[in-house]
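Trainee: This is the structure I want to talk about, given as structure tokens.
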Amino acid sequence: MKKTNAVITAIGGYVPEYVLNNEELSRMVDTTDEWIMTRVGIKERHIQKGEGLGTSDMAVEAIKDIFKKTGTKPEEIDMLVCATVTPDHPFPATANIIADKLDIRDAHGFDLNGACSGFLYALDTAKQFIETGAKKKVIVVGADKMSSIVDYTDRTTCVLFGDGAAAVLLEPSEEEYGIKDSILRSDGFGRKYLNMKAGGSAYPASADTVANKEHVIFQDGKHVFKHAVSNMADVSVEIMKRNNMTADDLAWLVPHQANLRIIDATAQRMELNPEKVMINIERYGNTTAATIPLCLWEWEKQLKKGDNIILAAFGAGFTWGSIYLKWAYDGK
Ligand code: UT7
């Protein structure tokens, strides 16, 4: 019997309209376009504005994009996984809210928190359901409204993040395409370097946690940077080697977009031509779980059936990993 592979058959994406550029940020905190561009590589990010709007609303738009492109109906979806660190509410799951807004009824649905590696974790999880035959049409969406947890008086973090969402449709195929291999890791020692302290069960929200600004991102950038560079490059090289590929065999590297210097270091370790690296950090910043699918969405037209692609990420937890996939359709 032939093996069933989990294949991406469509992509959708969405970024909110409002653009927050470096010039506007430099009027809010003590920073400059020059510092942000040379240290991180971000020019602008999209920010979701509007009372009561949240991560689910961006995810809904990204999934609608897939429905429009493919003619897929909500009732055909049998599973929806939402990777996010900025759920609409602590509960119910944002996946449930997205499903309700899209009229997806009776489907298996849940959120997954893998921070910046969330999309890779979710994709690998969804893959298992397809390969075993348990599910036929699965939506994996990476969505984050980072502006909801950014302290816009802290120059060390507020320049880094943006909002966005992107989704893929995963389906079974007996052809030799789809997700071939994955390396996913985590090590909780890193939790002290990147976190949001309050709002969970250990430190529930109180007047003090709000006054102490404990509902926003804390990051010790230097430590995170050091581990991001080595770990993201390690797993990218490892997955390439164990699948007997060299840089020549690869069509694309799709790296998490946290810092252009981390991306460059990973590509260099892989000895990859820079033209094969998807980079859009300049326009979107770090959208956490959305960065990798947003790249795939933007590059879709350039992708060809049979392209060897490596996705790679590093984020809070620490979590990190790489996925090797063989692209299943011509983008044009
Ligand atoms: O996606 C999740 C994983 N996250 C990451 O991968 C992020 C990893 N870390 C990074 O990308 C970098 O560490 C940052 C971009 C966050 C910071 O860059 P850095 O080169 O590590 O800078 P630094 O934190 O060492 O700060 C250098 C200087 C400091 O000033 P002093 O102490 O040398 O006087 C900072 O206060 O730059 C200062 N600084 C800024 N200056 C202007 C920090 N942020 C800013 C800013 N504008 N926005």
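Trainee: Roughly how many nanometres apart are two label points built 7 Å out from the Cα toward the Cβ at residue 155 and residue 18?
Mentor: About 2.3 nm separates the two model spin labels.
Trainee: Accessible area per residue, 1.4 Å probe, Å², for the range 180-326: what's the number?
Mentor: With all protein chains present, the range 180-326 gives 45 Å² per residue.
Trainee: Another question, then. What dipole magnitude, in Debye to the nearest 20, does the chain give about its Cα centre under +1 on Lys/Arg Cβ and -1 on Asp/Glu Cβ?
Mentor: 540 debye
Trainee: Among rounded, prolate and oblate, which fits the range 1-47 when a ≥ b ≥ c are the square roots of the eigenvalues of its C-alpha gyration tensor, a/c under 1.5 means rounded, and a/b larger than b/c means prolate?
Mentor: Working: a/c = 6.42, a/b = 2.73, b/c = 2.35.
In terms of gyration-tensor shape, prolate.
Trainee: Any idea what diffusion coefficient the chain gets from Stokes-Einstein, in µm²/s, Kirkwood Rh on alpha carbon pairs, 25 °C, 0.890 mPa s?
Mentor: 124 µm²/s
Trainee: Is the shape of the range 5-176 best called rounded, prolate or oblate, per the rule: a/c under 1.5 gives rounded, else a/b larger than b/c gives prolate, else oblate, with a ≥ b ≥ c the square roots of the Cα gyration tensor eigenvalues?
Mentor: Prolate, since a/c reaches 1.5 and a/b exceeds b/c.
Trainee: Let me ask something else about it. In whole angstrom, how far apart do the alpha carbon centroids of the range 100-150 and the range 22-81 sit?
Mentor: So the separation of the two Cα centres works out to 16 Å.
Trainee: Return the whole-Å distance between the Cα centroid of the range 225-280 and the Cα centroid of the range 167-190.
Mentor: Answer, in whole Å: 16.
Trainee: Sticking with this structure for a sec: How large is the accessible surface per residue of the range 1-98, computed with a 1.4 Å probe and reported in Å² as a whole number?
Mentor: About 49 Å² of surface per residue is accessible.
Trainee: With an 8 Å Cα cut-off and a minimum separation of 6 or more residues, compute the relative contact order for the range 36-195 in percent.
Mentor: Values: 248 pairs, mean separation 44.6, N = 160.
So the answer I get is 28 percent.
Trainee: Now a separate question. When averaged across all projection directions, what area in nm² does the alpha-carbon convex hull of the range 180-326 cover?
Mentor: 9.8 nm²
Trainee: Next question, about the same structure. Given R₀ = 41 Å, FRET efficiency for residue 134-residue 280 by Cβ-Cβ distance, to 0.05?
Mentor: 0.75
Trainee: List, in the order given, every pair from 2/127; 68/326; 145/192; 43/180 whose Cα-Cα distance in the structure shown is over 28 Å.
Mentor: 43/180
Trainee: Same structure again: Pull out a ≥ b ≥ c, the square roots of the eigenvalues of the alpha-carbon gyration tensor of the range 15-95, then state rounded if a/c is under 1.5, prolate if not and a/b is larger than b/c, and oblate in the remaining case.
Mentor: Since a/c reaches 1.5 and a/b is larger than b/c, the shape of the range 15-95 is classed as prolate.
Trainee: Identify the chymotrypsin sites (Phe, Trp or Tyr not before Pro) of the range 122-174 meeting these criteria: DSSP loop state and at most 15 other C-beta atoms within 10 Å of the C-beta.
Mentor: 152
Trainee: Restricting to the chain, compute how many DSSP beta bridges are antiparallel as a %, nearest 5.
Mentor: Details: 39 of 55 bridges.
Antiparallel bridges make up about 70 percent of those DSSP assigns within the chain.
Trainee: If I compute solvent accessible area with a 1.4 Å probe over the protein chains, what percent of it on the range 180-326 is carbon and sulfur?
Mentor: That share works out to 50 percent.
Trainee: Scan the chain and note any complete DSSP helix (H) whose C-alpha atoms cover at least 27 Å along its axis and whose Kyte-Doolittle average is -0.5 or more.
Mentor: 221-242
Trainee: Residues with beta-carbon under 12 Å from that of residue 262, excluding residue 262: net charge, scoring Lys, Arg +1 and Asp, Glu -1? Can you show the working numbers first?
Mentor: On the way: positive: 39, 226, 261, 269; negative: 264.
Summing Lys and Arg as +1 and Asp and Glu as -1 gives +3.
Trainee: In percent, how large is the relative contact order of the range 1-93, given Cα pairs closer than 8 Å and 6 or more residues apart?
Mentor: Value for the range 1-93: 32 percent.
Trainee: Here is a follow-up. Of the residues 236, 26, 201, which exhibits the maximal mean-square fluctuation in a Gaussian network model of the chain defined by a 10 Å Cα contact cut-off?
Mentor: Judging by the Gaussian network model, the answer is 201.
Trainee: Hey, got a sec? Which trypsin sites (Lys or Arg not before Pro) in the range 58-116 land in a DSSP loop and have at most 13 other Cβ atoms within 10 Å?
Mentor: Answer in residue order: 105.
The values are calculated or read from the model by the stated rules, or taken from the named source; none is laboratory data. Here the structure is a predicted model, which is why all the values come from computation and not from measurement. Note: ideal-geometry Cβ built from the backbone for every residue, glycine included; neighbour counts use all protein chains shown. To get the accessible areas, we keep the full protein, side chains included, count just its heavy atoms, and leave off ligands, DNA and RNA. Shrake-Rupley method; radii C 1.70, N 1.55, O 1.52, S 1.80 Å.
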